[in-house]
Amino acid sequence: MSRTPDREDDDKNVAGEDPALQPLLPATENDHDTHTAHAYVTQSGFKRLSATDKKTLLLTTTMDKMGMGRYSWYIFFLCGYGYALDLMWAQAFGLIVSSAQQEFGIPDSQFGTLLTAFNVGLTIGAFTWGIIGDMFGRKWAFNLTVLITGFWGMLLGSAPSWPWLCFLSVFTGFGIGGNIPTDASIVHEFLPHDSKYLLAALSLFQPLGVVVCSVIAWGFIPSNSCETGLRSCYIADPGEQCCAREDNVGWRFTTNAIGAITLFCFFLRFVVFNFQESPKFLLLQGREQEAVDVIQHIAKVNRKPCSLTVEDIYALDGDDISESSSTRSGEPKTLGEMASQFKVFFSTPYMARLSLAIWATFIFDYAAFSIAGGFLPDILRRKGVAAGQSVDITYRNYIIIYAPGIVGVVLGAFVIQTKMLGKTWSMTISASLMAASLFAFVYIDSPAANVGFNAMEYFFQSMFNAILYGYTPEAFPAAVRGSACGIASTWGRLSSIVAPLVATRLLATSVDGVLYLAGGAAVLSAIVTLFLPEKLKNEGF
């Protein structure tokens, strides 16, 4: 297992003082010789590392020397597709809930149950798929998450009642809940070191997914929805004009379309692309030969030479025979072994501070954006109705609101490269501005201002999450990376279950209370980022 240093005084060191934590060898035009990488790993500065850590660094250095090739770009875009699906589905529930609520005759006091049901699935999925990725490999999670999401998502459009819609949303959420933890881990382990900024840029696909979802909803819902004010046929009086299923199929078409897009992602991942298991995962499972085979396959796809052999890896065992022999079984880790590895989260003061701060950040961040994503579309729709706007204009405005999120992600990927701000200050500032826009939304009432401050909120939300999602997989060692991302996401998803329930109670009496709740959570998210370390110790592992 990849380990953090045992000496407590290492907690006082920063990354720049340890050669094992420096950026690895840069790629050059004709320098891809494994012997150079091997010599780098065996230099004196790495003597304190275990054999497994040295092997991991050898794989990392070898991939770094190949550079950002075609295989890495394939991984980047396919995982980006997964990121797009994550927010595409989250946005879909926010956009369809009003139409479904009207059709099934659900009062405002039960408005949030659909969002909560979806978040229950997301929570279970985030925890489960993160562990599956560390136990059985990233490949299973990479393919099954989108298959499960697409299958159950296609069934959403056939839901005959509100309870059935909530039930199906749990399984849809279970599938998509594993996407971010899995895809973030995969991209981190297949990108060369000098391209790690693309981890933050990966979130570029999330606002793209939201925009695509908004376009789909705009195309289907306004022209295929019941008139505003009609009661559900389930509760209407005999002879009263009411909202019937056949007059309200827009939200069903929307979920069917997104389900089809999700299944197409599975087709690309499973049928078109020959995805290889993470070499770091294989190495930690004791499957050194398979890890070398994957590196050679990547080199072939990238059209780069690579002379790495399994003997190069075995040569790093040295006198650490007990460790090397125990890791060559090739058997998946047991739950007991996984549980023992979780100790790494509190193995040193540095890791304890890191883990607790990241978990708290996810809790408050997810509370803020789950309320914003689930309730702002409905609040905007209500304000639009009050101002005499058509449903068509309201759904057009959703596109205007979410498109700036693309720029927010690009800005986030840029500012983390600057010495003045870096990752942690960028998160603190963007979360604070996200909170400010939510608070400002309370005091404005014109249609233009409603759209403007909503767009501002999503801009800084996208910027913040881009940095956070890139920061998290870098912060933890490979042996528990999938679980670490999954557990962090699980804490956030749990918060996403509770937050809509509280917001639903507030919505019944005051829209402003919902906005204050979301803004307050964003403020707390900004505060806890102050405790995150800027320099990380596990980037090379």
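The values are calculated or read from the model by the stated rules, or taken from the named source; none is laboratory data. Only a predicted model underlies this, so the values are computations on that prediction, with no experimental measurement involved. Note: ideal-geometry Cβ built from the backbone for every residue, glycine included; neighbour counts use all protein chains shown. We work out accessible area using only protein heavy atoms, side chains counted, and drop any ligands, DNA or RNA first. Shrake-Rupley method; radii C 1.70, N 1.55, O 1.52, S 1.80 Å.
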Do you know the relative contact order of segment 50-317, to the nearest whole percent, from alpha carbon pairs under 8 angstrom that are 6+ apart? 32
Specify which residue in the list F464, N397, F531 is farthest towards the positive end of the charge dipole of segment 338-540, using unit charges on the beta carbon of Lys, Arg (+1) and Asp, Glu (-1), about the Cα centre. F531
I'd like to know how segment 50-317 sits against the 2.2 N^0.38 Å rule of thumb: what's its Cα Rg over that expected value? 1.22
Of the candidates T228, L208, T56, the farthest towards the positive dipole end of segment 50-317 (Lys/Arg Cβ +1, Asp/Glu Cβ -1, centred on the Cα centre) is T56
Expressed as a percent, the accessible surface of segment 338-540 that is carbon or sulfur, using a 1.4 Å probe and the full set of protein chains, is 73
Dipole magnitude (debye, nearest 20) for segment 338-540, charges at Cβ of Lys, Arg, Asp, Glu: 380
Among the listed pairs K343/K419; K300/K535; K139/K423, which have their C-alpha atoms separated by more than 31 angstrom in this model? K343/K419; K300/K535
Judged on accessible area alone, 1.4 Å probe, highest first, E534, E227 line up as E227, E534
Given a 1.4 angstrom probe, what's the average accessible area per residue across segment 338-540, in square angstrom? 34
Quick one: accessible area per residue over segment 162-316, 1.4 Å probe, rounded to a whole number of Å²? 38
Quote to one decimal, in nm, the extra length available between Y314 and V511 on full extension: 0.36 nm per residue of separation minus the C-alpha distance between them. 64.6 nm
Enter the accessible area per residue of segment 100-158 (Å², integer; probe 1.4 Å; all protein chains in place). 31
So if R0 is 56 Å, what FRET efficiency would S390 and A352 give, r being the distance between their Cβ atoms, rounded to the nearest 0.05? 0.55
Using R₀ = 25 Å, calculate the FRET efficiency as 1/(1 + (r/R₀)^6) where r is the Cβ-Cβ separation of D293 and W73; round to 0.05. 0.75
Rounded to the nearest 0.05, what FRET efficiency is calculated for Y234 and V301 with R0 set to 45 Å and r the Cβ-Cβ distance? 0.20
Could you work out how much longer the chain between F167 and S446 gets when fully extended? Use 0.36 nm per residue separation minus the Cα distance between them, nm to one decimal. 96.7 nm
What part of the accessible area of segment 50-317, given as a whole %, is carbon or sulfur when the probe is 1.4 angstrom? 66
